[in-house]
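Take a look at the structure below.
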Amino acid sequence: MSGEVIIKTERLSHTYSAGTPFERTAIRGVSFEARHGEYVGIIGHTGSGKSTFIQHLNGLLKPEAGRVLLDGADINESKDARRRARFRVGLVFQFPEYQLFEETVYKDIAFGPRNMGLGADETEARVREAARFVALPEDMLEKSPFELSGGYRRRAAVAGVIAMRPEVLILDEPTAGLDPRGRDGLLENIDAYNAERGATVIIVTHSMEEVARRADRIAVFEDGELVMNGAPADIFREGERLQKMGLGLPKAARIAERLRALGVPLGRDIFTIDAIRDGLIAIKNGGGGNAS
Ligand SMILES: Nc1ncnc2c1ncn2[C@@H]1O[C@H](COP(=O)(O)OP(=O)(O)O)[C@@H](O)[C@H]1O
Ligand SMILES: [Mg+2]
């Protein structure tokens, strides 16, 4: 699971168009850290600063104040440090398939490894490995990205980042616009990368369901600030506070709440359907629902 801190921000702030009438402070004083192998979900209302924040983690945006540390070293210390950070911290943008531009899927996935200066053999190994991680069939590699369905185009774009074998994989709303099958498939691919490579995953999402089950930790942004940061159980216990931010609880957590209101002695830390089932079975067997 989780080890030492790999990436960390210290009081990070960013203002767009500073000094113009369009000035807008997007994030303010964000201190955050993620550990090796950790799976972190980032949630927050539209405009709360999530995308701005994550673009600092690989040096794409420069902080107006504060620092980004990768293994304790400031990634903005030099051009070289920023370049190295970009290979170690892989960022998948929102709707990344719009950035596919090569004539074949293979070339698109190979773009990152080539850019890293890897030779043809190593690049090919990386491309095939990345394609396997995202369950992209081999025969699609020689197709044009535009021949693929939306779901596979998304996978190809994710593979392009995975091919750099980032130690930290960051994805900005990776499932937006995918159908349920495409969504679940992609989330499983990301889980596999996290588990098999021991990579840190930071995933921005609108869906509580997506992170309830798999995240070690959830970070909540509101109006440019990191306002909550903890284990899913601790975050979901604050249903009212989340609701005030325009964020809902996972469906299963709401069902559990309803059942508790009806007198079913289910515990408070239940926010997946599986946990409801286990709780109900325990109650039926006379063990009680672990109510608290
Ligand atoms: N390139 C930009 N120029 C000016 N303002 C921006 C830019 N990108 C984002 N913003 C503003 O910064 C705030 C945070 O945006 P963003 O980081 O995209 O939030 P989120 O990803 O949570 O929706 C919003 O008010 C948004 O309008
Ligand atoms: Mg965003």
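A simple rule links phi to the HN-Hα coupling: the Karplus curve 6.51 cos²θ - 1.76 cosθ + 1.60 with θ = phi - 60°, which for segment 252-269 gives 4, 5, 5, 5, 4, 5, 4, 5, 4, 4, 7, x, 6, x, 7, x, 7, 8 Hz, with x for Gly and Pro. Entry comment: accessible area of the chain is 49 Å² per residue, from protein heavy atoms only and a probe of 1.4 Å. Judged by the ratio a/c of the largest to the smallest principal axis of the C-alpha gyration tensor, segment 77-147 counts as prolate, that ratio being 1.5 or greater while a/b is larger than b/c.
Quick one: length gained pulling residue 22 to residue 71 fully straight, 0.36 nm per residue minus the C-alpha distance? Provide the component values of the computation, followed by the final result.
On the way: separation 49, 0.36 × 49 = 17.64 nm, distance 3.52 nm.
Between residue 22 and residue 71, full extension yields an extra 14.1 nm.
The peptide list 277-286, 158-167, put in order of mean Cβ contacts within 10 Å with the highest first, becomes 158-167, 277-286. Applying both filters, DSSP loop and at most 15 other Cβ atoms within 10 Å, to the trypsin sites (Lys or Arg not before Pro) of segment 116-188 eliminates every site. Running Debye on the chain with equal point scatterers at the Cα sites and no solvent, what base-10 log of I(q)/I(0) appears at q = 0.12, 0.14 Å⁻¹? So the normalised log intensities are -0.82, -1.06. Segment 224-289 and segment 121-164 have their alpha-carbon centroids 38 Å apart. The alpha carbon radius of gyration of segment 250-292, expressed as a multiple of 2.2 N^0.38 Å, is 0.98.
Straight Cα distances below 29 angstrom link residue 284 to the lysines 251, with same-chain residues fewer than 8 positions distant left out. Modelled spin-label separation between residue 78 and residue 15, with each label point placed 7 Å from Cα along the Cα-to-Cβ direction: 3.1 nm.
From helices alone, the chain scores -11500 deg cm²/dmol at 222 nm; the rule is -39500 (n - 2.57) for each run of n ≥ 4 DSSP H residues, then divide by the residue total. Dipole check for the chain: with +1 at the C-beta of Lys and Arg, -1 at the C-beta of Asp and Glu, and the Cα centre as origin, the magnitude is about 540 Debye. Across segment 36-42, rounded Karplus estimates of 3J(HN,Hα) from the backbone phi angles (6.51 cos²θ - 1.76 cosθ + 1.60, θ = phi - 60°) give 3, x, 6, 10, 10, x, 10 Hz, Gly and Pro being marked x.
PRE reach from residue 238 (point 7 Å along Cα→Cβ): which of segment 194-228 fall under 12 Å by backbone N? Within reach of a label on residue 238, which here means backbone N under 12 Å from a point 7 Å along Cα→Cβ, segment 194-228 contributes 218-222, 226-228.
Straight-line reach from residue 50: which lysines have Cα under 21 Å away, leaving out those fewer than 8 places along the same chain? List returned: 8, 62, 244.
The values are calculated or read from the model by the stated rules, or taken from the named source; none is laboratory data. The structure displayed is predicted, hence computed values, not measured ones. Cβ atoms come from the backbone with ideal geometry, glycine included; neighbour counts cover every protein chain shown. Accessible surface areas use protein heavy atoms only, side chains included; no ligands, DNA or RNA. Shrake-Rupley method; radii C 1.70, N 1.55, O 1.52, S 1.80 Å.
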